[in-house]
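Written below as C-alpha cells is the structure these notes are about.
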Amino acid sequence: MTPDRLIVRPGFALSGSLSPDGQFAIPGDKSISHRAALFAALAAGESRIENFLFSGVTQAMLNALTTLGIAWSVENGALMVHGRGFGGFKKRAPLIDCGNSATTLRLLAGALAACGTATTLDGSPGLRKRPMGRIVEPLRRMGISIQTQDGCAPLGLEGRQGGKRLTALEYILPVASAQVKSCLLLAGLAADGMTVLREPGPSRDHSERMLRAMGVEVENRSEAGPPAVYITRLVPPVGDLQPLHMKLPGDSSSAAFLVVAAVITPGSEITLRQVGLNPTRTGLLDALGQMGADIQIEAAGEQGGEPLGDLIVRSSPLHGVEISGDLVVRMIDEFPAFAVAAAYAQGETIVRDAQELRYKETDRIAALCHELRSLSVAAEETPDGFIVRGGKPLSGGQVGVYGDHRIAMALAVAGLAAQAPVEIPGAEIIHESFPQFVPILEFLGANVMS
Ligand code: S3P
C-alpha cells in the first residue's frame, strides 16, 4: 500500500535498472490487464496472464468477474481466468462496484450488453461524475435498455433473452476514446452484423490486438485527412473466443513518471526494460524527444501481440514545445507527467486540443495548473489545454492530488528537482495504478518519506 502522505526531498540523482529479471520491474500495463481479465472471462477455457497488474483499479475488474460468476486465481504470480464462454456470465447479478475505474465500468457495460446480463454498474463518488452518455447512447442504438443518473453512473442495465442478437452499429465517436471503442466492440461481438466505428484520433488499440489473438476478425485502418478518420471494423464471431496465454508488457503510462523523473533530476541515468511501445501509447516519448530529452529507445520485438522495448533515460536540459492533434490522443494519460517536464523546460509549452483532460479522474487541466502555480510555476489554463512558462526554480510546499493517482505521482516527481521538499497528502490513491511507485523511486535513489 502507498502511504497516505509522502514527502519528496530534492537533490538525489536517480540511477539503476528496472527489469523483469531484477528486484523491481515496471508493472504490467493497466489497460491491457483490464482487457485480458475481462476478455478471458468471455473465452471458453482457461487463460493464463503473466505480468498482470494487481492494483486498485484492476481489483475492481476482478471483483466484478467474481460477482458475474467467473472464477479466477493467482498461480506463481500469473492471473488464471476460468472462462465459461460467451453465455457464461450470470443472467442477473447484484450491483457491481467499479470503484474509481472508468475502464472497468465502460468495458463491462459492453460485455454485459453482449451477454444480456441484468445488473447495476456503480462506483466511487469520483466515478459517478464521469460522463457515461458516450457509451449509453450508442449501446441504446444497439437495442440495450439502460437507465442513468443524468448521463452518469449508476447505470442500470436490463437483461436480454438468450440468443437475441443486438443491432449492428455504425457509429461516429465524437471524441477519440479507447474505452468507448472497446465497449462497443465488446457489444458488437453479439450483434447481427458488422460493427463499424469512426474516431477522430488514434485511440489505443489493445482491444483489437487482443480480440484478434482470440480469433475475432477485427481490423483498424485510417483515412488521411484533414480531418483524418480512424476506422475500426469487427465481424461478430461464429464460435467461442479462444483463451489467452500471454505475458503483458510493462505499463508505458507508469514508466512515464520515471522517465520524466530521470530527465529532470540532474545527474540521473536509468534503464527501464520491457516497457510497452504500442505506437498508440508512445506520444510522451515523442513529445519529450522534441523537447530535447536524452531518451534511447531499443525496440525488443513483441510480447502477447504488443510491441515492447527498453528505455535508457538520462537527465537533460529541456525546451518548451507545442502539442496538439493526434499526439494528444497518443499521450492522453501522460499530461500530468508531461506538465512537470514542461515546468522544468526553458520557455513556453503550449497544449491544445486536449479538452478530454477535463473528464479524467479530475479536471486535469485545472488541477495541474493550480498545483504547478502553488510550486511557483507560471501555468495558465486555456479551454482546451494549458500554457506553462518553465525553466524557473520550483518552490516546494504542500500540494493537492484531487483523488487522482496520476496527479499525485506527477507532483511527487516534481519534488525530485525542486528547491525544497514537496509534501503530498492523499498519496494512497497511487495504489490505483502503480502500487510499487514509492519502492521503485526509493530503489532508484530518491528520498521519499512517508
Ligand atoms: C483507457 C483509455 C483512456 C485512458 C484510460 C484508459 C483504456 O480513456 O485515459 O486511462 O484502457 O481504454 P478514454 O477512452 O476515456 O480516452
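Quick note: the coordinates plus some simple rules give every number you see, no bench work behind them. The shown structure was predicted, so the numbers you read here are calculated from the model rather than taken from an experiment.
Pairs of Cα atoms under 8 Å, at least six residues apart: use those to get the relative contact order of the chain, whole percent. Working shown, then result.
On the way: 1114 pairs, mean separation 89.4, N = 450.
So the answer I get is 20 percent.
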Subject >> Rounded Å value of the spacing that divides the Cα centres of segment 94-111 and segment 1-73 >> reply: 17 Å
Original post:
By a straight-distance test (C-alpha under 27 Å), which lysines pair with Lys181 as possible cross-link partners, with residues fewer than eight away in the same chain excluded?
Top reply: Lys30, Lys90, Lys91, Lys129, Lys164, Lys247, Lys360
Original post:
For the chain, what size does the Cα cloud have along each of its three principal axes, sorted from largest down, in whole Å?
Top reply: 64, 46, 39
**OP:** Please work out the Cα center distance from segment 257-275 to segment 123-155, rounded to the nearest Å.
**Re:** 39 Å
Original post:
Counting DSSP beta bridges in segment 159-262, what percent are antiparallel, to the nearest 5?
Top reply: 75 percent
Original post:
Summing -39500 (n - 2.57) over the DSSP H runs of n ≥ 4 in the chain and dividing by its residue number, what mean residue ellipticity at 222 nm do you reach, to the nearest 500 deg cm²/dmol?
Top reply: -9000 deg cm²/dmol
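Using only alpha carbons, build the gyration tensor for segment 221-278 and give me the equivalent ellipsoid semi-axes, biggest first, whole Å.
Working: eigenvalues 257, 99, 9 Å².
Over the Cα atoms of segment 221-278, the semi-axes work out to 36, 22, 7 Å.
Using the Kyte-Doolittle scale, which helices in the chain average at least -1.0 and also have C-alpha atoms spread 30 Å or more along the helix axis, with helices defined as whole DSSP H runs? Could you put the intermediate results ahead of the total?
Numbers: long enough: none.
Long hydrophobic helices here: none detected.
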